[in-house]
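A.B. asks: The structure's right below; bear with me while I get my questions together.
The values are calculated or read from the model by the stated rules, or taken from the named source; none is laboratory data. Here the structure is a predicted model, which means the values were calculated and not measured. FYI the Cβ positions are ideal-geometry reconstructions off the backbone, even for glycines, and counts take in every protein chain you see. Only protein heavy atoms, including side chains, enter the accessible area calculation; ligands, DNA and RNA are left aside. Shrake-Rupley method; radii C 1.70, N 1.55, O 1.52, S 1.80 Å.
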Amino acid sequence: MSCITGKYELDSQDNFEKYLIALGVPADKAAEMGKSKTVVEVTLLGSQLSMVYPAKPHRPEVKNVLTLGQETEVTSPMGKHSVNLNLEGNTLKGIVKAAGKTMSSSFTFSESGFVDLLTL
């Protein structure tokens, strides 16, 4: 668990634009969002998970705090949706409900970073 807390910068995002379009984001906006290099600061203290996305010129800071194992409303660039994650080793796994769709999510952490996998 010790490698979950940290500051991470986006390295790559495969099929992100397709994912956004499947959620109903217009193609031109999805293309623009796909170019953004995101930074996230993750803190795990007990069962409290905090994910902070620092402000950018086009949006304010986004901070989400959730309790593992409980459904929580969070904010993303696409609006509000619900998340329910559990910790399994160095992986946060669970369900995300957004734009009327339900998908599985996993964040697998290692010393070199993390992989966020959403399956719609």
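A.B. asks: Under a Cβ-only charge scheme (Lys and Arg +1, Asp and Glu -1), can you give me the dipole magnitude of region 57-120 about the Cα centre, in debye to the nearest 20?
C.D. replies: The calculated dipole for region 57-120 is roughly 260 debye.
A.B. asks: Counting only other residues whose beta carbon sits under 14 Å from that of S50, what net charge do I get with K and R as +1, D and E as -1?
C.D. replies: Local net charge: 0.
A.B. asks: Using a Förster distance of 30 angstrom, determine the FRET efficiency expected from the C-beta separation of T119 and H58, and round it to 0.05. Don't skip to the end; give the middle numbers.
C.D. replies: Numbers: r = 28 Å, r/R0 = 0.93.
Rounded to the nearest 0.05, the efficiency is 0.60.
A.B. asks: In whole percent, what relative contact order does the chain give with Cα contacts below 8 Å and a gap of six or more residues?
C.D. replies: Reported as a whole number, the value is 18 percent.
A.B. asks: Same structure, new question: With n ≥ 4 as the cut-off for DSSP H runs, can you work out [θ] at 222 nm for the chain, using -39500 (n - 2.57) per run divided by the number of residues, rounded to the nearest 500?
C.D. replies: When only DSSP H runs of four or more count, the value is -3000 deg cm²/dmol.
A.B. asks: Using the Cα centre of the chain as the reference point, and only Cβ charges (+1 on K/R, -1 on D/E), how large is the resulting charge dipole? Debye, rounded to the nearest 20.
C.D. replies: Numbers: 12 positive and 13 negative charges, 64 e Å.
Using only the charged Cβ atoms, the result is roughly 300 debye.
A.B. asks: Computing the accessible area with a 1.4 Å probe over protein heavy atoms, can you report the carbon and sulfur percentage for the chain?
C.D. replies: Carbon and sulfur together cover 52 percent of it.
A.B. asks: Let me ask something additional. So, for the chain, what is the accessible surface per residue at a probe of 1.4 Å, expressed in square angstrom?
C.D. replies: Accessible area per residue: 61 Å².
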